[in-house]
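Here the structure is laid out as structure tokens; the discussion comes afterwards.
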Amino acid sequence: MSEFVNENLHGKLFLIVGPSGSGKGTVIKALEAKYPGFVFPISYTTRFAREGEEDGKVYHFVTRKKFEQMIKDGDFLEYAIVHSNNYYGTAKQEIVDALESGAVVIREVDIQGFHSIQKIIPKKNLTSIFMKVSDLNDLKGRILMRGALSDEELKRRLDSAAKELAQEGDCDYQVPNEWGKVKECVGAVDKIIIDEIKDLY
């Protein structure tokens, strides 16, 4: 039996896929600035808001109880427990509503999230773009630039990244995101999106 939410969606969901530190967020920000008419869904999380973070801007901050109720109610396209046992998830309805209206939706996820969403959104409405990095040492440097981590947490993230990188071929496209070449990476992703949506409108 098909798990698809709707066989008659009209829009296109682009998933920017890759491990922590691969540059997904940087690409998303650039696309958001260029295409204000596209839909960029915000994650739900149970972690506490950091100083300066507003609810509904970067994340929807909810309690663990609320998040687990949303899981029971089937409200997520995908969710996972990451970074110190906090839940993170992609709400289903906002994306489905946007796709039903014919919108272009862009969302960043890890490879696990991609595989979950792949079961729910029809292939004709879904394009996945994997952010390639040179190697794990490159990724390690990027992760450490974000802030200090314990050796245990760094190892956990790199182990997880290695598993993700091994599955990059599962995605429709693989785009290199090399040091100092963010503009080229964003341009490559941009071209994929424009080429993929030509037939939508």
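The values are calculated or read from the model by the stated rules, or taken from the named source; none is laboratory data. Note that this is a predicted model, so its numbers are computed, not measured. Cβ atoms come from the backbone with ideal geometry, glycine included; neighbour counts cover every protein chain shown. To get the accessible areas, we keep the full protein, side chains included, count just its heavy atoms, and leave off ligands, DNA and RNA. Shrake-Rupley method; radii C 1.70, N 1.55, O 1.52, S 1.80 Å.
A compact table of results
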{"item": "Scattering profile of segment 20-70 at q = 0.22, 0.23 Å⁻¹ [log10 I(q)/I(0), Debye over alpha-carbon scatterers]", "result": "-0.94, -0.98"}
{"item": "Order of exposure, largest accessible area first, which applies to 184, 152, 196 with probe 1.4 Å", "result": "152, 184, 196"}
{"item": "Relative contact order computed over the chain (Cα-Cα under 8 Å; 6+ residues apart), in percent", "result": "33"}
{"item": "Accessible area in square angstrom per residue, segment 1-116, 1.4 angstrom probe", "result": "52"}
{"item": "Distance from segment 80-109 to segment 164-201 (C-alpha centre basis), Å", "result": "19"}
{"item": "In Hz, Karplus ³J(HN,Hα) per residue of segment 159-169 (6.51, -1.76, 1.60; θ = phi - 60°; x = Gly, Pro)", "result": "4, 5, 4, 4, 5, 5, 4, 5, 10, 4, x"}
{"item": "Approximate spin-label separation residue 71-residue 47, in nm, with each point projected 7 Å along Cα-to-Cβ", "result": "1.8"}
{"item": "Residue 44 - accessible surface, heavy atoms, 1.4 Å probe, Å² rounded to 10", "result": "50"}
{"item": "Difference of contour (0.36 nm per residue) and Cα-Cα distance, residue 81 to residue 29", "result": "16.3 nm"}
{"item": "Distance in nm between pseudo-label sites at residue 115 and residue 93 (7 Å out along the Cβ direction from Cα)", "result": "2.9"}
{"item": "Inter-label distance, nm, simple model (7 Å from Cα along the C-beta direction), residue 40/residue 124", "result": "3.0"}
{"item": "GNM flexibility winner over the chain from 120, 111, 129 (Cα, springs under 10 Å)", "result": "120"}
{"item": "Accessible carbon and sulfur surface of the chain relative to its total accessible area, %, 1.4 Å", "result": "51"}
{"item": "Residue-by-residue Karplus 3J(HN,Hα) for segment 174-185, coefficients 6.51, -1.76, 1.60, Hz, glycine and proline x", "result": "10, 10, x, 10, 8, 3, x, 10, 4, 4, 5, 5"}
{"item": "Most to least packed among 66-74, 22-30 [average Cβ atoms within 10 Å]", "result": "22-30, 66-74"}
{"item": "Distance-filtered residues of segment 80-100 - backbone nitrogen under 13 Å, label point 7 angstrom along residue 150 Cα→Cβ", "result": "83-85"}
{"item": "Rg ratio (alpha-carbon, reference 2.2 N^0.38 Å) - segment 56-110", "result": "1.20"}
{"item": "P(r), alpha carbons of segment 1-108 - 5 Å bins starting at zero, rounded %", "result": "2, 11, 19, 23, 22, 15, 7, 1, 0, 0"}
{"item": "Percent of C-alpha pairs per 10 Å bin, the chain, short to long", "result": "8, 34, 39, 17, 2"}
